[in-house]
Amino acid sequence: MIQLTATPASTLTDEPVHIRATGLSPLQIVILQATLKDEKGNLFHSQAYYKANEAGEVDLERAPSLGGDYIGVHPMGLFWSLKPEKFLTKLVKRSVMNSPFLVQIKLHDSNLPLAQIASTAPKVSVTLERWYTAPGVTRIQVHEGHLLGSSLCCHPLGHFPGVIDLFADIGGLIEYRASLLASHGFATLALVLGPGIGIVSISKGAEIGLSMAIHLKQATATVLINGPNFVFSTPQVYRGQIHQPLYFSPQLVSINASGLAQFQYCFEEARNEAQGHFLFIVGEDDKIINSKAYAEHAKEQLRRNGKNNWTLLSYPGAGHMLEPPYSPLCCASKLSKLHLFMPWGGEVTPHAVAQEHSWKEIQKFLRKHLVPAVTSQL
């Protein structure tokens, strides 16, 4: 009898799952498929071919995928290789508190044509819950003046390192990275432990994150993911002083053969000075901005000012939208604010590797610079 197990069946979305099929014929080739529907009903799917061992078992922690959406030993490949059925659709979790994403893992015979998989009942299947908040995480809506956001914390009475999370300009309040950080012991826009705060930011959010690091002495640990080292698009105002955006050359915006806009060469260079500690994270296949060059430039500015308070992580094959582990690659999507389709870049497997590694490094960096060292009183 064929059995398919995936453990744990309910877990945070940035945590791995162990998938295993037993009861197969020796050396039998099967198709494993993952499907997920987002909150709008958009379907995402992935599939890979696996060959059972002599005992009739496929264990994704040891068995390589022979083909499909990825090749090789990748225990979480079915998750990070999910693709939208509707082209240019990005997987986004809006409601992080009360419901998980449900992922179905299905096993099919390998002789089934790919076009028939969706309409054919699997031999066996399991459903997994992928949560964005751990038990005990609380959320408080924040709306003060022009500030709109939310505060997430793993326990309302605890003392935790504080982090401000600034997402890309993709529309609306995006909380899933903040909720995962809260699940791992950080307070996002909540009670702060120690004298400083941390900032985690990406894309347009990284522009604001860098400005905060420049102007706010409390910003002691700043993570900048694929962001510019200058103000662009909209002026910034701080204590009555207006910081104008860098000169923009609209004539250098290009539209490629797929109808996607490209901005890498539309801005002049900028200068910056900032305090605190910095973690620059770069996807070398970023198709939106020349993020590696901007990170290198910011690093050189810090070095020329006699500072060594930075770390640069650069990932070949990774795109612009570096997110928490096992998130599917979004290589392009629509930016409603500009009414343009944006190519974020990235290759599926190296992008997934970059997300898993950088997420661990982000948490290590924040804890190192935000959590006071404990001195023994003995």
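We did not get these values from a lab; they are worked out from the coordinates using the rules stated. Quick caveat, the model's predicted, so the values are computed rather than measured. Cβ: placed from backbone, ideal geometry, glycine included. Neighbour counts: every protein chain shown.
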**Prompt:** Under a Cβ-Cβ cut-off of 15 Å, what is the net charge of the residues other than residue 97 that fall near it, where Lys and Arg count +1 and Asp and Glu count -1?
**Reply:** +2
**Prompt:** What base-10 log of the normalised intensity I(q)/I(0) is obtained for segment 3-131 from the Debye formula, alpha carbons as equal point scatterers, at q = 0.09, 0.12 Å⁻¹?
**Reply:** -0.24, -0.43
**Request:** Give a residue-ordered list of calculated ³J(HN,Hα) values for segment 344-349 (Karplus: 6.51 cos²θ - 1.76 cosθ + 1.60, θ = phi - 60°; whole Hz; x for Gly, Pro).
**Result:** 7, x, x, 10, 3, 5
**Message:** Per residue of segment 360-367, what does 6.51 cos²θ - 1.76 cosθ + 1.60 with θ = phi - 60° give for ³J(HN,Hα)? Whole Hz please, x for Gly and Pro, Karplus curve as stated.
**Reply:** 5, 5, 4, 5, 4, 4, 5, 5
**Message:** Please give me the summed charge of the neighbours of residue 53: other residues whose Cβ is under 11 Å from its Cβ, Lys and Arg +1, Asp and Glu -1.
**Reply:** -1
**Item:** Amide H contacts under 5 Å for residue 340, placed H, 5+ residues apart
**Value:** 335
**Whole-percent pair-distance distribution, where bins are 10 Å wide, for the alpha carbons of segment 36-77** = 28, 40, 23, 9, 0
**Residues of type lysines that residue 37 reaches as a straight line, Cα spacing below 17 Å, ignoring anything fewer than 8 places off in the same chain** = 83, 86, 90, 93, 106
**Whole-Hz ³J(HN,Hα) from phi, Karplus 6.51 cos²θ - 1.76 cosθ + 1.60, for segment 81-95, glycine and proline x** = 9, 4, 10, x, 5, 9, 4, 6, 9, 9, 6, 9, 9, 8, 9
